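As structure tokens, the structure follows; a few thoughts come after it.
The values are calculated or read from the model by the stated rules, or taken from the named source; none is laboratory data. Just so it is clear, the model here is predicted, and its values are computed rather than measured. In this analysis, Cβ positions are derived from the backbone assuming ideal geometry, glycine residues included, and neighbour counts consider all displayed protein chains. Just the protein is used for accessible areas: all its heavy atoms, side chains included, with ligands, DNA and RNA removed. Shrake-Rupley method; radii C 1.70, N 1.55, O 1.52, S 1.80 Å.
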Amino acid sequence: MTTLLYDGSFDGLLTAVFEVFEYRYKDVEIFGKNQYHQENIFAETHEVVTQTEKAERVFKKLEENIGRSGIHQLLKVFLSEDPESERIILSAIQLSVQHPHENILQNYADSDILKISKICKSVDRERHRMTAFVRFEKMQDGVFFAKIDPDFNVIPLIRKHFKDRYQDQKWMIYDLRRNYGILYDLENCDFFYPDEKLDLDQYEQKFHDEESQYQKLWQRYFIKINITERKNLKLHIQHVPKRYWKYLTEKR
């Protein structure tokens, strides 16, 4: 068994896939360096150095075989952070090379392809919920700030939605679990990676006066329209699962 360790980036994974073909590894597994725990003492490990040229060559081959939509599906699997994501992606790429003229991502008789479909549906649901339940709060510097804690790493998938929707104001979205986010400054919409986790206790002290007043008004309004006799908690949770309540001003 040969184990390839990469840096955890999508380009790093594609570089590792390239080297599987380059060196004709047969019995091989791929792990992100941060997730790898050696269990097989007889496994030979190699550290993959991310190379854009190799990643691009795999990308172009995939574009020929499964199209951009297929690549997008593999990206969702990668962002799902599923423990088997590297193995599943490698399996799909190998199938696409073996059957270049077939739409292999619709071959649900293959267990890995079926799992790709299921993972993509789960990631799509989480992406949709993030676009629906994100709440921005105005800070003293005029930037609108939102914190999220999604089950999957969906920030790259929601970036375009918020960039297109909120073009006239500065905003930032921060992933609490993964300690990174996106920042829009009216010109650029880029990822940012703090050296340390943001101190959320301090950030609440930086609310704009308007934001504090707005939150109090919204909470009062929600209490007033929340008629106890008509309360249907089961239906409410079905539409707004409890794990998203922490994003909603009216739930605080």
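In table form, for the structure just shown:
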read-out: Solvent-accessible surface (1.4 angstrom probe) belonging to LEU198, in square angstrom, nearest 10; value: 60 Å²
read-out: Local electrostatic count, VAL28, Cβ distance below 13 Å [Lys/Arg +1, Asp/Glu -1]; value: -3
read-out: Total formal charge among the other residues, if their Cβ is under 10 angstrom from that of TYR6, Lys/Arg +1 and Asp/Glu -1; value: -4
read-out: Amide H contacts of LYS147 (H built 1.01 Å from N, under 5 Å, at least 5 apart or other chain); value: ARG135, TYR174
read-out: Exposure of PHE21 as accessible area (Å², to 10), given a probe of 1.4 Å and all protein chains; value: 90 Å²
read-out: Listed pairs LYS61/LYS163; LYS60/LYS160; LYS76/LYS121; LYS60/LYS121; LYS147/LYS197 exceeding 18 Å between Cα atoms; value: LYS61/LYS163; LYS60/LYS160; LYS60/LYS121
read-out: Spatial separation of Cα centroids for the stretch 11-62 and the stretch 121-190, in angstrom; value: 31 Å
